[in-house]
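*Asks:* Dropping a structure here in structure tokens format, bear with me for questions.
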């Protein structure tokens, strides 16, 4: 069965003859071409070439055209900082810089890189009629963060009417992008909203559910499929995500796959994930990748499950690891042999932190995926920086990216389970939810008082 039909069948919750595979290739496609992320994400031709190379190597059933949650923000006037090995990062927020929400308009397809991505979609549709093309849009809550910054969390309590106004606008932008992707040939509109992992279910139902449900209804009315993509520890919100009635929810390794499976199927929603991005696909070898993929496949089963990495692949992910997963998906004999073999185990060496602490200063460690490419991580690091400013040199902070070996070691040494997480003087303080600046300052002051 062709990839597109397999994806459709999985999303309809029908039994499949084999589990479909969707590698979330973003800037990694540029690495396959020997390009920087900036070169790759600024050219239609490069996007198409990178996706085509990924299709050739990884034999996917579905694949995103572009994985870049800054496209809409850029078109709306947010400033971006570009990098060689990551998608760009938003560094300015118009609604905090004198721009009124009433002044913002849904962009036309000619703004920023929107037309570039839609042209890439049209070209890939012509070249791969039997492949499921994913059009990724920035979810309304994450786009609201890009426009307003972390001030949104305080305004949710102080001025909820204003937040609803921003969400209304962000939803109109999301529907505009969805329509353009569908018209250009995308089969699945994936609403990627990582910042929703930062709020509780009640806030989610108040500020997110009505808007994303409207988007999923819009996609369905236009004869396309939808996926609700969240990264980070959004476990508390999986139920309300499913109640928004997307065709699929997709999660990363922060959330147990069996937990998501039970809730998704109970709500008649398909589910996808959650291969480990860093410790396995980026830092591991082919055997590690095979075993992780098989574990996900065995949990997910053949009803409603789509195998995928937990988020967009790091640029430096070894292609051999992904090729191995592609071979496994299509080879039941290999799957059986792997199940029969002994599971490999690996130990991660802990760090010696004796010289890490300071008797006169509060040491703040921020465990992230990578703040230059992960929106929740970016805003968590920004919040710590803003809070630390109050204390001058009495508070020192450092980000530890688990895309790097040291970051993984620090995560294990500090006993951190989820990202992003803030640790102060070795005490886990804030897990996977961005706290108000005042709360961060309060905890910093508490640890400083004990010096």
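*Asks:* Just to be sure before I move on: is residue 431 crowded, with 22+ Cβ neighbours inside 10 Å, within 23 Å of residue 311 (Cβ to Cβ) and in contact (Cβ under 8 Å) with a residue 24 or more places away in the chain in the structure I sent? Can you show your working first?
*Replies:* Details: crowded, with 22+ Cβ neighbours inside 10 Å: no; within 23 Å of residue 311 (Cβ to Cβ): yes; in contact (Cβ under 8 Å) with a residue 24 or more places away in the chain: yes.
No.
*Asks:* May I pose another question? In segment 354-451, which strands (runs of 3 or more DSSP E) lie fully inside it and hold 2 or more residues that are at pLDDT 90 or above and more than 29 Å from residue 70 (Cβ to Cβ)?
*Replies:* 362-368, 395-401, 427-431
*Asks:* Might you check whether a residue that is within 22 Å of residue 207 (Cβ to Cβ) and in contact (Cβ under 8 Å) with a residue 40 or more places away in the chain occurs anywhere in segment 121-130?
*Replies:* no
*Asks:* Since residue 249 meets every condition but one in (1) more than 13 Å from the chain's Cα centre (by Cα); (2) buried (at least 24 other Cβ atoms within 10 Å of the Cβ); (3) more than 19 Å from residue 298 (Cβ to Cβ), which condition does it not meet?
*Replies:* Every listed condition holds for residue 249 apart from (1).
*Asks:* Examine segment 177-187 for a residue that is modelled with pLDDT of 95 or more, assigned to a loop (DSSP other than H, G, I, E, B), buried (at least 20 other Cβ atoms within 10 Å of the Cβ) and under 21 Å from the mean Cα position of the chain (by Cα), and state whether such a residue exists.
*Replies:* Yes.
*Asks:* (1) buried (at least 24 other Cβ atoms within 10 Å of the Cβ); (2) part of a loop (DSSP other than H, G, I, E, B): which one isn't true of residue 129, the others all being true?
*Replies:* Of (1) buried (at least 24 other Cβ atoms within 10 Å of the Cβ); (2) part of a loop (DSSP other than H, G, I, E, B), only one is false for residue 129: (1).
*Asks:* Moving on. Return the total of residues in segment 31-53 being under 23 Å from residue 3 (Cα atoms) and buried (at least 24 other Cβ atoms within 10 Å of the Cβ).
*Replies:* Number satisfying all stated conditions: 3.
*Asks:* Only one of 39, 74 is within 30 Å of residue 149 (Cβ to Cβ), touching a residue at least 12 places away in the same chain (Cβ under 8 Å), within 23 Å of the chain's Cα centre (by Cα) and not in a strand (DSSP E or B). Can you tell me which?
*Replies:* 74
*Asks:* Has segment 19-30 got any residue that is surrounded by fewer than 18 Cβ atoms within 10 Å (Cβ to Cβ), under 21 Å from residue 324 (Cβ atoms) and assigned by TED's automatic domain parsing to the domain that holds residue 245?
*Replies:* Within segment 19-30, not a single residue is surrounded by fewer than 18 Cβ atoms within 10 Å (Cβ to Cβ), under 21 Å from residue 324 (Cβ atoms) and assigned by TED's automatic domain parsing to the domain that holds residue 245.
*Asks:* To continue, here is another question. Just to be sure, is residue 392 over 24 Å from the mean Cα position of the chain (by Cα), surrounded by fewer than 20 Cβ atoms within 10 Å (Cβ to Cβ) and under 17 Å from residue 352 (Cα atoms)?
*Replies:* It is false that residue 392 is over 24 Å from the mean Cα position of the chain (by Cα), surrounded by fewer than 20 Cβ atoms within 10 Å (Cβ to Cβ) and under 17 Å from residue 352 (Cα atoms).
*Asks:* Could you list, in sequence order, the residues of segment 240-270 that are part of a helix (DSSP H, G or I) and more than 22 Å from residue 433 (Cβ to Cβ)?
*Replies:* 258, 261, 262, 264, 265, 266 - these are the residues of segment 240-270 that are part of a helix (DSSP H, G or I) and more than 22 Å from residue 433 (Cβ to Cβ).
*Asks:* For residue 237, state whether it is at pLDDT below 95 and either more than 24 Å from residue 167 (Cα to Cα) or not in a loop (DSSP other than H, G, I, E, B) (or both).
*Replies:* Considered against the rule, which asks whether it is at pLDDT below 95 and either more than 24 Å from residue 167 (Cα to Cα) or not in a loop (DSSP other than H, G, I, E, B) (or both), residue 237 comes out as yes.
*Asks:* Listed residues 88, 94, 107; which is free of Cβ contacts under 8 Å to residues at least 60 places away in the same chain, more than 16 Å from residue 131 (Cβ to Cβ) and surrounded by fewer than 22 Cβ atoms within 10 Å (Cβ to Cβ)?
*Replies:* 94
*Asks:* Examine segment 44-58 for a residue that is touching a residue at least 40 places away in the same chain (Cβ under 8 Å), part of a helix (DSSP H, G or I) and under 30 Å from residue 149 (Cα atoms), and state whether such a residue exists.
*Replies:* Within segment 44-58, one or more residues are touching a residue at least 40 places away in the same chain (Cβ under 8 Å), part of a helix (DSSP H, G or I) and under 30 Å from residue 149 (Cα atoms).
*Asks:* Could you identify the single residue in 153, 229, 141, 157 that is in contact with a strand residue (DSSP E or B) (Cβ under 7 Å, 6 or more places away or on another chain) and assigned by TED's automatic domain parsing to the domain that holds residue 79?
*Replies:* 229
*Asks:* Would you mind telling me which numbered condition in (1) in contact with a strand residue (DSSP E or B) (Cβ under 7 Å, 6 or more places away or on another chain); (2) in a strand (DSSP E or B) residue 274 fails?
*Replies:* Just one mismatch for residue 274, condition (1).
The values are calculated or read from the model by the stated rules, or taken from the named source; none is laboratory data. Model, not experiment: these values are computed from the prediction. Because the Cβ atoms are built from the backbone with ideal geometry, glycine has one as well, and the counts that use them run over all protein chains shown.
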